[in-house]
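Each remark here refers to the structure printed beneath this line.
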Amino acid sequence: MSVTPTAAERIAQLRSELDAHNYRYYVLDEPSVPDVEYDRLFNELKALETEHPQLVTPESPTQRVGGSALSAFGEIRHEVPMLSLGNAFEEADLLDFDRRVREGLDLPSGDLFGGGAEVEYSCEPKLDGLAVSLLYRDGLLVRGATRGDGSTGEDISVNVRTIRNIPLKLQGSGWPRVLEVRGEVFISRAGFEALNARQLESGGKTFANPRNAAAGSLRQLDPKITASRPLQLCSYGIGQVQGELPDSHIGILQALKGWGLPISPELQLAKGVQECLAYYRAIGDKRDALPYEIDGVVFKVNNLAYQRELGFRAREPRWAIAHKFPALEELTELLDVEFQVGRTGAVTPVARLKPVKVAGVTVSNATLHNMDEVARLGLMIGDTVIIRRAGDVIPQVVQVVAERRPADARAVQIPESCPVCGSHVERTQLVKRSKGKESFSAGSIYRCVGRLACAAQLKQAIIHFVSRRAMDIEGLGEKSVEQLVDEGLVGSPADLYTLRFEQIVGLEGFAELSSNNLLAAIAASRKPSLARFIYALGIPDVGEETAKVLARALASLRRIEQALPEVLTYLPDVGLEVAYEIHSFFRDEHNRKVIAQLLERGIELQEEGEVHPEFAGCATLAGLLDKLNIAGIAVTGAKNLADKAGSLERVIELSQDWLELSVMKGLNEKGKQALREFFAEPANVEHARAIEAQLREFGMHWQSEKKAVEGLPLAGQTWVLTGSLEVMSRDIAKDKLESLGAKVAGSVSAKTSCVVAGPGAGSKLAKASELGVRVLDEAQFLAELERLG
Ligand code: IVH
């Protein structure tokens, strides 16, 4: 095949455009085009290269993952050894370092009256990942290596090529003919969480911390695995060089940035050791808010001539030092495992630890989530464990130190009866409903079956019921609720509405005035919106969002109570599992009794009314057939069947008419067989009819097209609020967004339309920029609200 000049030109053009986008995205952190545009260019290049394989070059952006898995890594000798750093833990250690530097350079030292000569230092965060060396020859990446023992490392060339922010080809001009870049390969917090979630889902092993995740991902013999991991590079220095470079450390890093290599956005120059200390404190203050983990900061003498003069001692440079932060991980002993009972009765193991200071905070408890987690960790009482406290997250047990297990270590056992009320503890079942069949498997959660008869659950249920976003009863804190329950004054949320003054006054914290205030607050809560009331009930898996969706769509307690699971799944974001939770909550005798009492005792629900027209309009017959989950009938089959039959009764009829069904088009043999069998079962016919009848009762009529959401400017969008807002509270911001039609979610995903980030925003902001989601600060957000009216 002849190569048309235009193809070659277009390929060159596409490569340079893609490289430029990558640079803006990864190095400058200013994405220039949306992901879809990038993908379009990428796919065009890929197609052209497939058509003209002779034009493929190793530095093409399409060539990041190539070749098959290795059987072992080759060895690479470092021309210039990869050294390590001395550590400073205290301020005094850093002052000593600075003194040694100045003495080594013969600079005048300070006295009582002056600071003496000040040395300029570069300041960078010390990322917690894995050191790598990248060799560029004539601007092309030719080799990547791990640090190894400092003299010899492993050849990980194919793996480093998969890391998106490592350029395969340097940008611009003026780079040395041979340039060895050194830096840290790491995984962001958001990347770490996403990776572990994926690992859990696929049954793979999870990583204890981002550092291990980075190391485990980079040292993979199969580069395809490395390519699937969210690794990033941050360059912090150089190794061998043939050619010219600037004469200061910061100058070199800036040159690297110009050639397309990522450097730390926190890089700064400090004049003298006091500015270094200020930098250490400033970075320490924002440590938790950084999108990646750091274990300290690194100070380096900025002037390269000075660096040469100072030289090395053993395997450490005399011109650099790491000033460490308190460690995020510590060793301690697991003294015991206790079990806590939550609002929904979940009995969760909690680790009681020998108190240990982790990153400045004394930790004596850590969550263990559930018994599967205990099993995954292989945890026994008496074990020495690694505790990790990252950011504001609850401390976690990340690993058992198996070698230190004492001979008398005891297994962790789930109690057979509830530690609070003595009721039976049951293992939850996971019900999988698929294609008309239900299958059961053991869940990871254990539940106390005592419910409101269990003081722990009762207290939690009431604390939730009275909370601000629920019934909003002021003056009832956790302590007061505990007293009311312990004194036997309140046995269910409904009992709050029969409390009398004489019963409250005299309880701890309740004098005359506060008792009256409490009664007034209870009285004032009698007219909640339907959404608040549904949320306050504490139905498992029904948060504020789902409660609002239920209230808005069905607009009456009675309809919500009676809705069949399949009908509930017509609601946005309600899946079958949640639908079954809601349905079985309202089937439960005890819950029905409490709700009836609440209404008897004067709760008047507001905002009840007609079924929302949007909900009423969204039912299709095809949707119903799909929801029946008939084996072998997928979306297309359901649609064809609906188009042909036009009504449920016709579908039932058709399914039992051998001849008509066998000549029907648009459904395969397996589907026909399944349909016949499904409706041959009277219970299934009845069930399908019941769903249809309920849909009709709720005002639905079959429509083939789902109506577009009406009017609202942000309809269909999902927004996320993170960090603190200064002008407008988050609750108000949330209400505003919702009134404009947006959904407000708690976590960022590829589907997020926009993130509003205030000061202190952390991993959500990082995730947003990683995913290229639009981000607004508070001022921009307010402007946007104004614009939308
Ligand atoms: S400079 C001769 N700068 O820390 C200087 N190291 O304890 C060698 N590290 O192996 C390293 N961030 O993996 C330097 N900004 C930074 C760093 C950094 C992380 C790691 C690196 C190195 C270890 C030294």
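What follows is calculated from the coordinates using simple rules that are stated; it is not laboratory data. As the structure is a prediction and not an experimental result, all values here were calculated from the model. When we count neighbours, we look across all protein chains shown, and the Cβ atoms used for this are built from the backbone with ideal geometry, even at glycine.
Treat every Asp and Glu Cβ in the chain as -1 and every Lys and Arg Cβ as +1, leave all other atoms uncharged, and give the resulting dipole magnitude about the Cα centre to the nearest 20 debye.
Values: 91 positive and 108 negative charges, 278 e Å.
My answer is approximately 1340 debye.
So what are the chain's ellipsoid semi-axes, whole angstrom, largest first, if each one is the square root of 5 times an eigenvalue of the alpha-carbon gyration tensor? Each step should come with its number before you reach the end.
Numbers: eigenvalues 589, 299, 137 Å².
With the √(5λ) rule applied to the chain, the semi-axes are 54, 39, 26 Å.
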Practice task
Could you pull out every residue, at least 5 positions away or on a different chain, whose amide H is within less than 5 Å of the one on residue 340? Hs are placed 1.01 Å off N in the peptide plane, and Pro or chain starts have none.
Solution key: 348, 350
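Going through the stretch 155-221, which trypsin sites (Lys or Arg not before Pro) have at most 12 other Cβ atoms within 10 Å and a DSSP loop state?
On the way: sites: 161, 164, 169, 177, 182, 189, 198, 205, 211, 219; in loops: 161, 164, 177, 205, 219.
Those satisfying the criteria are 177, 205.
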Completion exercise
Among GluC sites (Glu not before Pro) in the stretch 724-789, those in a DSSP loop whose Cβ has at most 10 other Cβ atoms within 10 Å are 726
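If packing is taken as the average number of other Cβ atoms within 10 Å across a peptide's residues, how do 521-527, 617-623 rank, most packed first?
Values: 521-527: 15.9, 617-623: 20.3.
The most tightly packed comes first, giving 617-623, 521-527.
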Exercise for the section: Could you let me know the centre-to-centre spacing of the stretch 216-258 and the stretch 144-191, using Cα atoms, in angstrom? Expected result: 4
Completion exercise
Classified through the alpha carbon gyration tensor (a ≥ b ≥ c as square roots of its eigenvalues; rounded if a/c is under 1.5, else prolate when a/b is larger than b/c, else oblate), the stretch 249-369 comes out prolate
Completion exercise
Rounded to one decimal in nm, the spacing of the 7 Å Cα→Cβ label points at residue 505 and residue 340 is 3.7
Completion exercise
With the 8 Å Cα cutoff and a minimum separation of six or more residues, the stretch 5-123 has a relative contact order in percent of 15
Handout entry: Segment residue 30-residue 369, extension gain: residue separation times 0.36 nm, minus the distance between their alpha carbons
Key = 118.2 nm
Practice task
Quick one: check the C-alpha center-to-center distance for the stretch 636-677 versus the stretch 366-403, whole angstrom.
Solution key: 54
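For a quick check of your reading of the filter: which GluC sites (Glu not before Pro) in the stretch 482-574 sit in a DSSP loop and have no more than 13 other Cβ atoms within 10 Å? Don't jump to the answer; show the numbers that get you there.
Numbers: sites: 482, 487, 502, 508, 512, 544, 545, 561, 566; in loops: 487, 508.
Answer in residue order: 487, 508.
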Handout entry: Sites residue 44 and residue 681 - FRET efficiency at Förster radius 51 Å, r taken between beta-carbons, to 0.05
Key = 0.45
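Show that you can apply the helix-only estimate: for the chain, add -39,500 (n - 2.57) for every DSSP H stretch of four or more residues, divide by all residues, and state [θ] at 222 nm to the nearest 500.
One gets -11000 deg cm²/dmol as the mean residue ellipticity at 222 nm.
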Handout entry: 0 to 90° range, to nearest 10: angle between helix 730-739 axis and the chain longest Cα axis
Key = 60
Practice task
Normalising by the residue count of the chain, find the relative contact order in percent from Cα pairs under 8 Å and 6+ residues apart.
Solution key: 8
Practice task
For helix 5-22, report the angle its Cα long axis makes with the longest principal axis of the Cα atoms of the chain; keep it between 0 and 90° and round to the nearest 10°.
Solution key: 80
Problem - Full-stretch length increase - residue 668, residue 409 - with 0.36 nm per residue and alpha-carbon distance subtracted - result: 87.3 nm
Handout entry: Theoretical FRET efficiency, 1/(1+(r/R0)^6), r = Cβ-Cβ of residue 402 and residue 753, R0 51 Å, to 0.05
Key = 0.65
Handout entry: Degrees, to the nearest 10: 512-524 long Cα axis against longest axis of the chain
Key = 70
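Around residue 318, under 10 Å between beta carbons, what's the net of Lys plus Arg minus Asp minus Glu among the other residues?
On the way: positive: 100, 313; negative: 309, 316.
Combined, the nearby Lys, Arg, Asp and Glu give 0.
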Practice task
Quickly work out the residue 660-to-residue 309 label distance, labels modelled 7 Å from Cα along the C-beta direction, and quote it in nm with one decimal.
Solution key: 9.8
Completion exercise
Taking Lys and Arg as +1 and Asp and Glu as -1, residues besides residue 268 with C-beta under 12 Å from its C-beta add up to -2
Handout entry: Order of 636, 348, 752 - criterion: other Cβ atoms within 10 Å of each residue's Cβ, fewest first
Key = 636, 348, 752
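Would you list 149, 288, 19 from fewest to most Cβ contacts within 10 Å? List each step's numbers first, then the result.
Values: 149 11, 288 16, 19 19.
Result, fewest neighbours first: 149, 288, 19.
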Practice task
Could you work out the longest stretch of the chain that avoids the chymotrypsin sites (Phe, Trp or Tyr not before Pro) located in DSSP loops with at most 16 other Cβ atoms within 10 Å?
Solution key: 114-789
Problem - R0 of 45 Å, Cβ-Cβ distance residue 362-residue 610: FRET efficiency to nearest 0.05 - result: 0.20
Fill in the blank from the handout: Given backbone amide H placed at 1.01 Å from N, residues whose amide H is under 5 Å from that of residue 742, ignoring those fewer than 5 places away on the same chain, are 714
Problem - Full-stretch length increase - residue 541, residue 517 - with 0.36 nm per residue and alpha-carbon distance subtracted - result: 5.4 nm
Handout entry: Spin-label pair residue 649/residue 592, simplified geometry with 7 Å Cα→Cβ offset, distance in nm
Key = 3.1
Completion exercise
The pairs in 479/527; 286/324; 205/751; 734/764; 169/767 lying past 18 Å Cα-Cα in this model are 479/527; 205/751; 169/767
Practice task
Give the distance, in whole Å, between the Cα centre of the stretch 266-325 and the Cα centre of the stretch 586-611.
Solution key: 63
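Within 15 Å, Cβ to Cβ, of residue 465, how many net charges do the neighbouring residues add up to if Lys/Arg are +1 and Asp/Glu are -1? Mind dumping the intermediate values first?
On the way: positive: 343, 451, 459, 468, 469, 526, 532, 601; negative: 472, 474, 478, 482, 495, 544.
Its environment carries a net charge of +2.
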Completion exercise
The cysteines in the chain that find no other cysteine Cβ closer than 4.7 Å to their own Cβ are 123, 234, 276, 618, 754
